[in-house]
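The values are calculated or read from the model by the stated rules, or taken from the named source; none is laboratory data. Keep in mind that this is a model prediction, so the values were computed, not measured. FYI the Cβ positions are ideal-geometry reconstructions off the backbone, even for glycines, and counts take in every protein chain you see. All accessible areas refer to the heavy atoms of the entire protein, side chains included, with ligands and DNA or RNA removed. Shrake-Rupley method; radii C 1.70, N 1.55, O 1.52, S 1.80 Å.
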Amino acid sequence: MDESTLSSLYSDMWLIRAFEQGLESEFEKGNVPGMLHTGLGQEATQAALAANLEATDAYFPDHRCHGINALAQQRHRGDGRRIMAELFGRSTGVCSGKGGSLHSADPRAGNYGDNAIEGSYMATVLGVALAAKMRGEPKVACAIIGDGTVGRGEFHESLNMSAIWELPTLYACVNNGYAIFTPVGKGHASANIIDLARGYGFPCEQVDGNDIEAAHAAVLRACDHIRGGKGPYFLEFMTWRWQGLFTGEFRPPDEVRYWREEHDAILMAGARLKEMGWTDDDLEKVEGEARDIIESWIEFAKESPPPDPAKATADVYAGFEVSPS
Amino acid sequence: MNTETKTRKSTMVKAINQALDLGMEAFPEMFLIGEDIGEMGGDFGVTRKLWAKYGNERVRDTPLSEAAIIGTCVGAAMVGMRPVAEIMFADFLGECYDQIVNNAAKMHYMFDGQFKASLVIRTACGGGFGGGPHHSQSVEGWFLNVPGLVIVAPSNPADAKGLLLASIESDDPVLFLEHKALYRSKGEVPEGYYTTPLGTAAVARAGTDVTVVATMRMVPFALEAAEMLAGKGVSVEVVDLRTIRPYDADTVIESVRRTGRAVVANEAPGIGGLGSELSARISQDCFHQLAGPVVRVDGADTPIPFSDELEHLVLPGTDHIVSAIRRAMTQPDRGA
Ligand SMILES: Cc1ncc(C[n+]2csc(CCOP(=O)(O)OP(=O)(O)O)c2C)c(N)n1
Ligand SMILES: [Mg+2]
């Protein structure tokens, strides 16, 4: 990978990390309502996807995709702050505060909406893909799913229908080893989700989801295949989430140390950049810039007004009014 | 509806088929999707000849993947298509319940109006043909508590056609209930394209003594009951709800306030369903005009058994409506 691409992805990864860490600290202070799942530890996978998805594509994010959403919003709509504001439940959020961390969407950024019914969009993505195919649009329709989410029946319904209809679907399976507390090998017939996907007969790849160069190249290959009209593609990113249970860490210390200290996406990318001649100061500058941006986004969110009360009963139907009771 | 238009006698199946055909002609973004709806024309023949006319792309057969069928509709609607799904039997809606209640119905609201779930889910519901516990249910109660969803339930071929075209035009997700026992029923159906507005009830028969609010198969039963009682000096008004959600409370309330007596007839079990909602609403809004309590006709609180001898014991019919009207009429007039 050339230096400028890597440098740009490195900035993206820092933006994700700063976003999630900033959010986490605001959450702990009680400033962010609801629940919080972060993408910390999965920055390379997320940056690789965000860099390859265009505004005219459609991706369905999962509960850890604030970072992808922010990057897409920033890149395609020029204002990543609106993702932060949505998580704070403010009027300036992408859904005016009606969706929050689990339901932010902006189709003009390619973001077709998080869904807290984990993976139900494995079925929904089919429709976006089918419409693109019927209209002859070269769209990538991507579902981002966790390893645990693969347990749903829709996983198989979706892969099967993508295969028989040769749809432009990208399945981005983020295998971070656990579904809440359940290890992937205990929840599925194989700890490698790719084994479950292979039977549908379209290309499947397993990649190191913390190696930005490998992850980026894999997404690029998948998108080229799909845009070339060759049908669906399955990617399994092997990664690890920092967030344990809400109550704390439950995984073995060796495992934690490996992923956080030896195989961290940002540390590994930083090391590559240093091979290319970057200094520690250069790396720190990128981190500092990301943290400044996020600080300003948090400020923006906090200063934004709450949603208009009329929003509570607005838009239940497109064609009927619902009156407040 | 223009009264000048020519009509033709037709079954409900044919009327629905015509609506689908006219919809496909009018909306290039419309497509049909379901199990064996293509060359075969569907289990009940509702989509017959459409595959030959519109081809594989727009009349799309699927495997037994109900969640994926409705998911496909939701996703396609999100990008501006107008999919119309057939779920072979309403009993199978459990397989795609999540897609309907969590995605289709919430999409427009939770994403602040950025997506429209302009889709129609047609499905065959109701008992009376020996279908047994998994092919006979009335499912409207499963969906009544779902904001954002439209539920349409025609009782005759002309309405079925006009309501289906209105559902196809609608930008909201519509659950379109087709009662199996009405599929072969006949009625005059206007030719050509027309819509019957969603959310409006019809007065199927005007009367002055008692109002019967009914849906689907209960409407012809109520009309039959009204005819029988007309000879006995009871003037029955029959209100055909047509849209179950959001329903036309104005027409119901106006009628009951006028007649002072109400019967609510519905094939589904009584608890937590349309009968509960309508009787509560009527009691609340017409209390001072009512001569007595709302009388309910519901299905029994059981699954639908297979054997004919058993099935007819749990499904309401004309007799039940006649006795309900009689009961309503024994209530003393408050002389309001
Ligand atoms: C259909 C459904 N079942 C259960 C849940 C509760 N839930 C939320 S996240 C989660 C685990 C998901 O695991 P995975 O897909 O591996 O994602 P991860 O959190 O590890 O990124 C569960 C069970 C849900 N939101 N939706
Ligand atoms: Mg997981």
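Under the condition of being at pLDDT below 95, crowded, with 24+ Cβ neighbours inside 10 Å and part of a loop (DSSP other than H, G, I, E, B), the residues counted in segment A:100-118 number 2.
Restricting the search to segment A:125-153, which residues are within 16 Å of ligand 2 (Cβ to nearest atom) and assigned to a helix (DSSP H, G or I)?
Selection gives A:Gly148, A:Thr149, A:Val150, A:Gly151.
Quick one: would you say B:Val294 is in the same structural domain as B:Met228 (by TED's automatic domain parsing), closer than 19 Å to B:Gly207 by Cβ and in contact with a Cys (Cβ under 9 Å, 6 or more places away or on another chain)? In short, yes. Each residue in segment B:1-47 was checked for being within 24 Å of A:Lys133 (Cα to Cα) and part of a strand (DSSP E or B), and 5 pass.
What residue, among those in segment A:230-269 that are under 22 Å from the mean Cα position of the chain (by Cα) and of a type in the set (D, E, K, R), is surrounded by the fewest Cβ atoms within 10 Å (Cβ to Cβ)? The qualifying residue surrounded by the fewest Cβ atoms within 10 Å (Cβ to Cβ) is A:Arg260. Can you pull out every residue in segment A:92-119 that is over 29 Å from A:Val150 (Cβ atoms) and more than 10 Å from chain B (Cβ to nearest Cβ)? Within segment A:92-119, just A:Thr92 meets the criteria. Looking at the structure I just gave you, is A:Gln46 open to solvent by 20 Å² or more (accessible area, probe 1.4 Å) and not charged (D, E, K, R)? So A:Gln46 fails the test. Do you know which residues across segment A:48-84 are within 11 Å of the chain's Cα centre (by Cα) and not hydrophobic (A, V, I, L, M, F, W, C)? Result: A:Tyr59, A:Pro61, A:Asp62, A:His63, A:Arg64, A:His66, A:Gly67, A:Asn69.
A:Met122 falls short on exactly one of the conditions (1) within 16 Å of ligand 2 (Cβ to nearest atom); (2) facing chain B (nearest Cβ under 9 Å); (3) open to solvent by 10 Å² or more (accessible area, probe 1.4 Å), and that condition is (3). Filtering segment A:145-179 to residues that are near ligand 1 (Cβ under 8 Å from one of its atoms) and among the hydroxyl-bearing types (Ser, Thr, Tyr) leaves A:Thr149, A:Tyr178. The residues in segment B:78-97 that are facing chain A (nearest Cβ under 9 Å), crowded, with 20+ Cβ neighbours inside 10 Å and not in a loop (DSSP other than H, G, I, E, B) can be counted, and the count is 3. Just one of (1) within 20 Å of A:Leu126 (Cβ to Cβ); (2) within 14 Å of chain A (Cβ to nearest Cβ) trips up B:Ile37, so point out which. With (1) within 20 Å of A:Leu126 (Cβ to Cβ); (2) within 14 Å of chain A (Cβ to nearest Cβ) applied to B:Ile37, the lone miss is (2). So for segment A:54-67 (the condition being within 16 Å of ligand 1 (Cβ to nearest atom), in contact (Cβ under 8 Å) with a residue 40 or more places away in the chain, facing chain B (nearest Cβ under 8 Å) and in contact with a helix residue (DSSP H, G or I) (Cβ under 6 Å, 6 or more places away or on another chain)), does at least one residue qualify? Among the residues of segment A:54-67, not one is within 16 Å of ligand 1 (Cβ to nearest atom), in contact (Cβ under 8 Å) with a residue 40 or more places away in the chain, facing chain B (nearest Cβ under 8 Å) and in contact with a helix residue (DSSP H, G or I) (Cβ under 6 Å, 6 or more places away or on another chain), which makes the answer no.
Name every residue in segment B:98-143 that is on the phi < 0 side of the Ramachandran plot, in a loop (DSSP other than H, G, I, E, B) and open to solvent by 30 Å² or more (accessible area, probe 1.4 Å), in order of residue number. Outline the logic, then answer.
We begin by selecting, within segment B:98-143, every residue on the phi < 0 side of the Ramachandran plot; these are B:98-111, B:114-125, B:127, B:129, B:131, B:133-143.
Of the ones still in play, those that are also in a loop (DSSP other than H, G, I, E, B) are B:105-106, B:111, B:114-119, B:127, B:129, B:131, B:133-139.
Of everything in segment B:98-143, those that are on the phi < 0 side of the Ramachandran plot, in a loop (DSSP other than H, G, I, E, B) and open to solvent by 30 Å² or more (accessible area, probe 1.4 Å) turn out to be B:Lys106, B:Gln114, B:Lys116, B:Phe129, B:Pro133, B:His134, B:His135, B:Gln137.
Pairs meeting the criteria (first residue in segment B:99-115 and at the interface with chain A (Cβ under 7 Å from one of its Cβ atoms), second residue open to solvent by 20 Å² or more (accessible area, probe 1.4 Å) and small (Gly, Ala, Ser), beta carbons under 7 Å, at least 6 apart or on different chains) are B:His108/A:Ala318. Restricting attention to segment B:310-325, the residues that are open to solvent by less than 10 Å² (accessible area, probe 1.4 Å) and within 14 Å of B:Glu227 (Cβ to Cβ) total 2.
Taking (1) within 17 Å of A:Pro306 (Cα to Cα); (2) within 12 Å of chain B (Cβ to nearest Cβ); (3) open to solvent by less than 40 Å² (accessible area, probe 1.4 Å) in turn, A:Met84 satisfies each apart from (2). Taking segment A:177-203 as the range and being open to solvent by 10 Å² or more (accessible area, probe 1.4 Å), within 15 Å of ligand 2 (Cβ to nearest atom) and assigned to a loop (DSSP other than H, G, I, E, B) as the test, the residues that pass are A:Gly177, A:Ile180, A:Phe181, A:His188, A:Ser190, A:Ala191, A:Asn192. Do you know which of the residues in segment A:125-145 that are touching a residue at least 24 places away in the same chain (Cβ under 8 Å), over 20 Å from A:Glu236 (Cα atoms) and of a type outside the set (Gly, Ala, Ser) is nearest to the other protein chains (Cβ to nearest Cβ)? Taking the candidates together, the pick is A:Val128. Annotation note: of A:Ser96, A:Ser91, the sole residue that is open to solvent by 20 Å² or more (accessible area, probe 1.4 Å) and either within 16 Å of ligand 2 (Cβ to nearest atom) or in contact (Cβ under 8 Å) with a residue 24 or more places away in the chain (or both) is A:Ser91.
The C-beta contact set for segment A:158-183 (first residue within 14 Å of another protein chain (Cβ to nearest Cβ), second residue within 16 Å of ligand 1 (Cβ to nearest atom) and in a loop (DSSP other than H, G, I, E, B), distance under 9 angstrom, 6+ apart or interchain) comprises A:Ser158/A:Gly119.
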